[in-house]
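First comes the structure, then the notes that go with it.
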Amino acid sequence: MTTTESCSSSISLRQPYGNISTQCIPGWHRRPLPKIAIPFNSDHGKRLFREALLSDGLHGYFSLAETFHTQAEPSYCGPGTLSMVLNSLNIDPGIIWKGNWRYFDEHTLRTCDKRKSKDNPLENVLEQGLTFEEFLYLAECNGASIIPYLASNTTLAHFRSAILSACTRRLDDIRLVCSYNRSTLEQTGSGHFSPIAGYHVQEDLVLILDVARFKYPSHWISIELLWQSMCTIDSTTEKSRGFYLITKWSRDLSMQCGVNNCKDTNEQNISTEKVLCSSDESLSLFIDNHLRSLTDSISSFESLIINILESLSPMFIQQTTKWTFDIMQKYRLNSISKSKCFQECQCVNLFESYPSFLPENINDSLSNDNANCKKPCARVTRSHVHAYAMPTKCALASFVELFEMDTNRKLYEKLEQMNIEQYLTITKDKSMYLFAGLSSIIDDNGMTKRIEYGLTAIFFYALRTETFLSTIDLLDSSNVSVELKDEINYAKTCFGLL
């Protein structure tokens, strides 16, 4: 937080029509960027911007730029970043900003965090700023679909895939926000939030639109250095910092794209199915040009699967990231809305890791066997539990159960035998993780592997078409369950393969 200093020496300021002398000018007028950061408006920064634009690394930039917001207070980097991101996603706040206009700024943000006053959602933020969890609360309370990623539970490859999704998707439907330590970047201050607006793939740099524009200008920074700054421990939470992927809620995440859902849609009345099915980046051309020949030259199933994974491009990664984002959100919300009691999944002890997620009435019901369990919901309210309070083995259990059905196990078991998880980080050039929409805020390593097996099975079922992988019997999904077929068809539509 910026403070003023007393001073006694006189200062002379050069002006076009003469010098102005004053005894004291308190405070600071901006800060110079350290050498490790490249100013956005420098010749180098402009060259990077031009090259990133030509390589499709700035699809998220323009929506953010037109809503670029300077945080209203020195400690409001979190609320300022969130306001800017929500406006860039065209989310309606539902309340008046000024005059007759509905628009987000720090003062129109609402909270359902039980620790905060309804009338003062940014209580204590002026003095203390926002923590990683509080930003998550605030985003969901204001209508965003958000997935948090603690740096301690993810990898640099995971982060790079999130960057690809936020910066290279032509649909421009997802944002990336980083919570990082400025001191690691040789900047003054400590914890800070800002959105990522661009990616220079050749030099592995990201463009930070710093919301503290009174302090530092926008700049390009190394991905690895930014990752290191997120791995630092926040002294308030005693946990690492991290990043978030943020998008708009689909109108009905329970809807699935069937084979015919994306056809014959009345353009005057776009349906939910059409929203979920929208894709202008079909993978068909990449399959034809880069993957189809693999089926001719490789004999074993295992080698074929591994070679396909190793051949995937960044365009594949950004699409699989958004696909896994949507499917993981859907299963988390469904499992929470249908749950009867926390004791059923025997995960109560893990809630102790994140006590702030638990409202008082839930704590009471956990300690009192006679109390009625409160059904949790996806949003944080004063009487309900946040989706990410539930450990992964509870929240995503219904997804894993899909592959416990006999009709759905054949490919799943084969991938499990192959230990397919070791091939999901693609290292052809720069490391990327195939399913970056998967996040576990509470570390459940065993469960994560099972989810990866299931996602990989759906991924390869979806890649199979009449002209690609059609002779591989293990990838024939004609006999799987209806529920799994729905997931396969949804993946196909996300990849533009229907």
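Considering (1) farther than 30 Å from ASN181 by Cα; (2) hydrophobic (A, V, I, L, M, F, W, C); (3) at pLDDT 95 or above, the lone condition that LEU276 does not fulfil carries the number (3).
The C-beta contact set for region 295-306 (first residue closer than 16 Å to TYR423 by Cα, second residue part of a helix (DSSP H, G or I) and among the hydroxyl-bearing types (Ser, Thr, Tyr), distance under 8 angstrom, 6+ apart or interchain) comprises LEU304/THR295; ILE305/TYR423; ILE306/TYR423. Could we say that PHE243 is under 16 Å from THR81 (Cβ atoms), open to solvent by 10 Å² or more (accessible area, probe 1.4 Å) and among the aromatic types (Phe, Trp, Tyr) here? Considered against the rule, which asks whether it is under 16 Å from THR81 (Cβ atoms), open to solvent by 10 Å² or more (accessible area, probe 1.4 Å) and among the aromatic types (Phe, Trp, Tyr), PHE243 comes out as no. Tell me whether region 205-217 contains one or more residues that are under 19 Å from the mean Cα position of the chain (by Cα) and open to solvent by 10 Å² or more (accessible area, probe 1.4 Å). Among the residues of region 205-217, at least one is under 19 Å from the mean Cα position of the chain (by Cα) and open to solvent by 10 Å² or more (accessible area, probe 1.4 Å), which makes the answer yes. When PHE62 is tested against (1) in a loop (DSSP other than H, G, I, E, B); (2) modelled with pLDDT of 95 or more, exactly one condition is not met: (1).
Select from region 466-498 the residues that are without any contact (Cβ under 8 Å) to a residue 40 or more places away in the chain and of a type in the set (S, T, N, Q) and write down the one among them that is farthest from ARG169 (Cα to Cα). Restricting to residues being without any contact (Cβ under 8 Å) to a residue 40 or more places away in the chain and of a type in the set (S, T, N, Q), the top hit is SER478. Only one of the listed residues (GLY143, GLY129) is open to solvent by 10 Å² or more (accessible area, probe 1.4 Å), under 17 Å from SER63 (Cβ atoms) and either in contact with a Pro (Cβ under 9 Å, 6 or more places away or on another chain) or modelled with pLDDT under 95 (or both). That residue is GLY143. Restricting region 397-415 to residues that are aromatic (Phe, Trp, Tyr) and over 21 Å from the mean Cα position of the chain (by Cα), the residue that is surrounded by the fewest Cβ atoms within 10 Å (Cβ to Cβ) is TYR412.
Listed here are the residues, each with its yes/no results for (1) in contact with a helix residue (DSSP H, G or I) (Cβ under 8 Å, 6 or more places away or on another chain); (2) closer than 25 Å to THR188 by Cβ; (3) open to solvent by 80 Å² or more (accessible area, probe 1.4 Å).
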residue: HIS29; (1), (2), (3): no, yes, yes
residue: ALA37; (1), (2), (3): yes, yes, no
residue: LEU48; (1), (2), (3): no, yes, no
residue: SER55; (1), (2), (3): no, no, no
residue: PHE62; (1), (2), (3): no, no, yes
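Which residue, of SER478, SER470, is assigned to a loop (DSSP other than H, G, I, E, B) and closer than 18 Å to MET405 by Cβ?
SER478
Just give me the residues in region 214-235 being more than 22 Å from SER83 (Cβ to Cβ), part of a loop (DSSP other than H, G, I, E, B) and either in contact with a Lys or Arg (Cβ under 7 Å, 6 or more places away or on another chain) or touching a residue at least 24 places away in the same chain (Cβ under 8 Å) (or both), in sequence order. Within region 214-235, CYS231, THR232 meet the criteria.
Taken as a whole, the structure places ARG169 among residues that are closer than 18 Å to PHE325 by Cα and open to solvent by 10 Å² or more (accessible area, probe 1.4 Å). Only residues that are without any contact (Cβ under 8 Å) to a residue 60 or more places away in the chain and surrounded by 16 or more Cβ atoms within 10 Å (Cβ to Cβ) were counted across region 416-448, and they come to 5. Checking each residue in region 72-101 for being open to solvent by less than 10 Å² (accessible area, probe 1.4 Å) and under 18 Å from ARG182 (Cβ atoms) picks out GLY78, PRO79, GLY80, THR81. Scanning region 195-213 for residues that are outside any strand (DSSP E or B) and within 21 Å of ARG31 (Cβ to Cβ) gives LEU209, ASP210, VAL211, ALA212, ARG213. Remark: pairs (first residue in region 74-87, within 22 Å of ASP173 (Cβ to Cβ); second residue modelled with pLDDT under 95 and in a helix (DSSP H, G or I); Cβ separation under 7 Å; 6+ apart in sequence or on different chains) = LEU82/PHE135; LEU82/LEU138; LEU82/ALA139.
The values are calculated or read from the model by the stated rules, or taken from the named source; none is laboratory data. Just so it is clear, the model here is predicted, and its values are computed rather than measured. Glycine also receives a Cβ, built like all others from the backbone with ideal geometry; neighbour counts cover every protein chain displayed. Accessible surface is based on the protein model in full, side chains and every heavy atom, while ligands, DNA and RNA are left aside. Shrake-Rupley method; radii C 1.70, N 1.55, O 1.52, S 1.80 Å.
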